[in-house]
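Reviewing the structure listed below.
Quick note: the coordinates plus some simple rules give every number you see, no bench work behind them. Worth saying up front: this structure is predicted, and the values here are computed from it rather than measured. A quick note on method: Cβ atoms are made from the backbone with ideal geometry, for glycine too, and the neighbour counts reach across all protein chains shown.
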Amino acid sequence: MADLWSCGVILFVLLAGYLPFEDSNLMTLYKKISNAEFTFPPWTSFPAKRLLTRILDPNPMTRVTIPEILEDEWFKKGYKRPEFDEKYDTTLDDVDAVFNDSEEHHVTEKKEEPEALNAFELISMSAGLNLGNLFDSEQEFKRETRFTSKCPPKEIVRKIEEAAKPLGFDVQRKNYKLRLEKVKAGRKGNLNVATEILQVAPSLHMVEVRKAKGDTLEFHKFYRNLSRTLKDVVWKSDDLQNQLS
């Protein structure tokens, strides 16, 4: 469904010549997306407006489906079903060659980057579509919390590793996910903390820190110590307010 919404953005650009959602302020941009706030150019026909409005519906449960699009009158206007030339036989050797070449190319070209958050994932993390609390490192939390950073993701990982080990944690890393396990058992066994770095924008990353196992109070104490150590990494909400003012 997210791919369908993305196709709607592309279709809008092709018809209008500009993006449906655009704003230099990240939070304002996501608010526009979640409220479907966009304006059609005057030359857009009513049938095209109707279809695009249904495609750009932020609610995936009420968004138009592909079968419905295929039956839309505006979409079907001038549409011709593609015909494929099948005069050439394809052998299993041909198929194997394509897959082998694709796999080699994939391994060569693969770039190790943090998983990127899309607009709907970011909005779903906020309460009442208030994105401000996503960037507040002082927010109240129970079993999980998050903070943002403008540091490169590899530097964030290195800083977390350097901060966790002196606190008595064994660190296991897989790409941009870390598992921190307290070597010494507490009241409820060994505290396990899962950490993941996610990309919000090319120069902005969100770090999720959540308790996977162990005592919640011990987790709170760990996070306070971690925050003090990572004070140069965490992007404070005061910085955000200064930019918005």
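Projected label points at residue 213 and residue 225, each 7 Å from Cα along the beta carbon direction, are separated by 1.9 nanometres.
Classify the stretch 2-76 from the C-alpha gyration tensor, please: rounded if a/c falls under 1.5, else prolate or oblate depending on whether a/b exceeds b/c. It is oblate, given that a/c is not under 1.5 and a/b is not larger than b/c. When each of 27, 61, 206 is scored by the number of other beta-carbon atoms lying within 10 Å, the sequence from fewest to most is 61, 27, 206.
For the cross-link pairs 154/211; 31/150; 32/182, the ones whose C-alpha atoms lie over 31 Å apart are 32/182. Neighbour counting of Cβ atoms within 10 Å sorts the residues 54, 228, fewest neighbours leading, into 228, 54. Counting beta carbons within 10 Å around each of 3, 170, 215 and listing the fewest first gives the order 3, 170, 215.
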